[in-house]
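The structure appears right after this line, and notes come after that.
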Amino acid sequence: MDRFQNDLLQRSIESTAEASGTPVTEITQRNIEAIARMEKDAEASRTLGERLADRFAAIVGSWTFIAIQSFLLLVWMVFNILAWSYHWDPYPFILLNLALSFQAAFATPVIMMSQNRQARLAEKRNRLDLQINLLAEQENTELLRMVRKLCEKAGIASHEGNTSLEQDTPAEVVAQQIEEANAPEPPQK
């Protein structure tokens with residue numbers, strides 16, 4: 001499916017480039033640069049706390065951290081089980097549990113801060129996608145109307161009565177239909 005979508009996207013870019021007289025690489029490069037600018041702006045506008053939370057989440061969420069932490073936990077347990085004279089944290093490892101609980105209590109909110117920032121960024125991207133999709137839908141509707149008029153003027157037969165795609169699609173109506181389709185059914189008695 002991804003290959004089909006990529007091929008379709010490529011054909012769309014190529015046809016847009018042909019229609020505008022601009023090479024595909026130029027259009028693609030402009031889009032890439034616009035996205036890169038948006039990403040840089042988002043990165044640059046992060047506060048110190050957000051940068052620290054992102055860095056902390058990146059470290060704690062890495063295989064390196066997991067490997068080092070696992071090694072240290074294993075060493076802690078082995079030394080406390082095999083120590084001949086002084087067991088600073090004997091078998092149920094209460095001190096180790098306290099340290100891990102403290103780590104979890106500290107790490108969880110910091111990681112959540114990073115995830116919340118990422119969610120806000122994703123929401124911003126989703127809104128931009130929605131705006132672009134709505135504009136594309138309006139442009140497509142207008143193009144269909146123009147093609148139908150050109151066909152009529154040239155005397156080319158078209159499928160009469162199938163003008164539903166030429167109608168505007170109000171986003172509110174579509175959103176309402178989606179909500180109704182996804183609404184839980186009332187419990188049956």
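Nothing in this text is a laboratory measurement; each read-out follows from the coordinates by a stated rule. Owing to the predicted nature of the structure, the values given are computational and were not obtained by experimental measurement. Cβ placement follows ideal geometry from the backbone for every residue including glycine, while neighbour counts extend to all protein chains displayed.
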Worksheet item: Suppose R0 equals 45 Å; then what is the FRET efficiency for LEU150 and SER45 from their Cβ-Cβ distance, rounded to the nearest 0.05?
Response: 0.45
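If R0 is 22 Å, what FRET efficiency do you get for ALA67 and GLN115 from their C-beta distance, rounded to 0.05?
On the way: r = 23 Å, r/R0 = 1.04.
Calculated transfer efficiency: 0.45.
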